[in-house]
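Student: Submitted below is the structure of interest, expressed as C-alpha cells.
Just so it is clear, none of the values below were taken in a lab; they were calculated from the coordinates. Keep in mind the model is a prediction, meaning the values are calculated, not measured. Note: ideal-geometry Cβ built from the backbone for every residue, glycine included; neighbour counts use all protein chains shown.
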Amino acid sequence: MSKTKLPEYDHDTIIIGGGPAGYTAGIYAARSGLKTLLVEGAATVSQITITDLIENYPGIPDGIDGFELMQLFKKQALKFGLEIITKDVLAIKNNAAAPVIWDVTLEDDSFRTLSIIAATGARWRNLEVPGEQEFAGRGISYCATCDGPFYRNKDVVVVGGGDTAIQEALFLTKFANKIIVIHRRNRLRAAQILQKRAFAEKKIEFVWNATLTEVIGRDFVTGVKVADVQSGGIKEIDAEGVFIFVGRLPHTGIFRDILRLDAGGYIITDDNMRTSAAGIFAAGDCRAKQFRQVVTAAGDGANAIYSAELYVEELKGETY
Ligand code: NAP
C-alpha cells in the first residue's frame, strides 16, 4: 500500500487542562520529545490548587499544600521544556479536509494537532436551593481553604458527607466556633480515617438524614432551613457561613459533540485512556472512573500520553 502525506500540523499533542493529569501528561510528553502544548484554563483553576493538605500522595510523608504540589508539577514540566499557555479552549473540531487533524480554537489563536489529551477536570456542584445564588460570596462558599479564615469564632454549616465535606469540615475547626455537618443519609461516604477524625472533633456536630432547603439572611447569611428526610419537618439552624461540598461536575462541554460521555457527563475511555474519537485521550477527573485522586489523575495522565505517543507514531509510520 502506498503511503500518503501527513497534512500540515503544528503539534503532536495538545493537552487541555492544568491539573495533575494534564501536567503529568506534559512532563512525560516533553521528556520524550513530543511536540506538545499544554493549555491551562484562564477561567478555571485546578481543584487541587485550593486543597489545603494532601497527605496521601506517595513520596511526601509530611503532606503538602495542593497549590505547592501543583507548582512542583509545573516546575518539573518546564524543566523538560513543555510549552504552556493560559487560555480557554473554545472549540475542538475534526478538520473536514484532513480528518487526521484536530483543530483546537482558543479566543485569539488556533492550532492543528494530531492528538489531544482531555484533562479538563471537574468543578464543584451547586446545591440549587433558594438563597444559594443570592448569598454567593456573602456567606456561601465552596472552598474552606479560601474562605475559612473569614469565619473565626463563628458557627458554620457544611453540606455533604463525602471526603471533601469531611476534610473541609476538619479544616474549618482551625477557625470556626462550631461546624454543623448536614448530611442527607445517616452514614458518611467519606474515608474511615476522615470519619474517625471528624467524630473525635468536639467542634463538629452532625445533622443526619437532612437536606438543606434554603439559605436565609439579610445582607449576609444568618442561617439555613433544613428538612428531615423522614418526617419532612423543617427546622432552622443559625450559621454565618454555609460551605457546600456535594460532589462535582466534569468540565466536558467542549467535548459533548465529539466524544462519548456517561450520564454524568464524564468522558468514557478504555483502560488505555482512549476515548470514542481516534486521537483524543482523556485523563483525570473529567474521565468516567471510580476513584478521583491526585495519584489516579497523575496515573491517567501518564497512560494517556503513552497512548497518544503510540497513536502519533503509528500515524507518522503510515505516512511520510
Ligand atoms: P462525593 O464523593 O461525590 O460526595 C458528595 C457528597 O455530597 C455525598 O455525601 C453525597 O451524599 C452528597 N450529595 C450529593 N448531592 C447532594 C444533594 N443534592 N444534596 C445533599 N447532599 C448531596 O464528592 P466529593 O466529596 O467532592 O469527592 C469527590 C472525589 O474526590 C471522591 O472520589 C473523593 O474520594 C475524592 N476526594 C478525596 C479526598 C481525600 O482522599 N482526602 C479529598 C477530597 C476528595 P451521599 O453520600 O448520600 O451520596
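Student: 5 Å is the cut-off here: which amide hydrogens, built 1.01 Å from N in the peptide plane, fall below it relative to Ile116, excluding neighbours closer than 5 in sequence?
Tutor: Here Ile14, Ile280, Phe281 satisfy the definition.
Student: In whole Hz, with x marking every Gly and Pro, tabulate ³J(HN,Hα) for region 160-166 from phi via Karplus 6.51 cos²θ - 1.76 cosθ + 1.60, θ = phi - 60°.
Tutor: Once rounded to whole Hz, the list reads x, x, x, 4, 5, 4, 6.
Student: Count the lysine pairs in region 190-304 whose Cα atoms lie under 23 Å apart, taking only pairs 8 or more positions apart in sequence or on different chains.
Tutor: 4
Student: Then there's this: Could you pull out every residue, at least 5 positions away or on a different chain, whose amide H is within less than 5 Å of the one on Asp65? Hs are placed 1.01 Å off N in the peptide plane, and Pro or chain starts have none.
Tutor: Those qualifying (amide H under 5 Å, at least 5 residues apart or on another chain) are Ile54.
Student: Also, I was wondering about something else. Could you compute how fast the chain diffuses translationally, taking Rh as the Kirkwood radius over C-alpha pairs and applying Stokes-Einstein at 20 °C with viscosity 1.002 mPa s? Give it in µm² per second.
Tutor: 101
Student: Which three extents, in whole angstrom, do the alpha-carbon atoms of region 126-244 cover along their principal axes, largest first?
Tutor: Ordered largest first, region 126-244 gives principal extents of 37, 35, 22 Å.
Student: Listed highest first by mean packing, meaning other Cβ atoms within 10 Å per residue, what order do 35-46, 182-193, 237-248 come in?
Tutor: 237-248, 35-46, 182-193
Student: Take the alpha carbon gyration tensor of region 247-320, find the square roots of its eigenvalues, order them as a ≥ b ≥ c, and report rounded if a/c is under 1.5; if not, report prolate when a/b exceeds b/c, else oblate.
Tutor: Taking the square roots of the gyration eigenvalues as a ≥ b ≥ c, region 247-320 is oblate.
Student: Can you bin region 58-192 into rounded, prolate or oblate? Criterion: square roots of the alpha carbon gyration tensor eigenvalues sorted a ≥ b ≥ c, rounded for a/c under 1.5, prolate for a/b above b/c, oblate for the rest.
Tutor: prolate
Student: Order of 163-176, 83-96 by packing, highest average Cβ count within 10 Å first?
Tutor: By packing density, highest mean first, the sequence is 163-176, 83-96.
Student: Then there is this: Normalised by the residues of region 126-244, what does the relative contact order come to in percent, with Cα pairs under 8 Å and at least six apart?
Tutor: Across region 126-244, relative contact order equals 32 percent.
Student: Return the calculated 222 nm mean residue ellipticity for the chain, to the nearest 500 deg cm²/dmol, obtained by summing -39500 (n - 2.57) across DSSP H runs with n ≥ 4 and dividing by the residue count.
Tutor: It lands at -7000 deg cm²/dmol.
Student: Have a look at the DSSP beta bridges in the chain and tell me what percent are antiparallel, nearest 5.
Tutor: 45
Student: Can I ask one more? Which aspartates and glutamates have a Cα lying under 16 Å from the Cα of Lys35, excluding residues fewer than 8 positions away in the same chain?
Tutor: Glu8, Asp10, Asp12, Glu83, Asp103, Glu309, Glu313, Glu314
Student: Just need the Rg to Rh number for region 19-112, please, alpha carbons only, Kirkwood Rh.
Tutor: 1.05
Student: Right, another one. For region 295-317 and region 21-61, what is the centre-to-centre distance using only Cα atoms, to the nearest Å?
Tutor: About 15 Å separates the Cα centre of region 295-317 from the one of region 21-61.
Student: Now for a different question. If packing is taken as the average number of other Cβ atoms within 10 Å across a peptide's residues, how do 102-108, 140-146 rank, most packed first?
Tutor: So the peptides 102-108, 140-146, ranked by packing, come out 140-146, 102-108.
Student: If you check each cysteine of the chain for another cysteine whose beta-carbon is under 4.7 Å away, which ones come up empty?
Tutor: That list is Cys286.
Student: In nm, to one decimal, how far is the Asp10 label point from the Asn94 one, both placed 7 Å along Cα→Cβ?
Tutor: The two pseudo-label positions are separated by 2.3 nm.
Student: Over the chain, what is the relative contact order in percent, taking alpha-carbon pairs closer than 8 angstrom and at least six residues apart?
Tutor: 21
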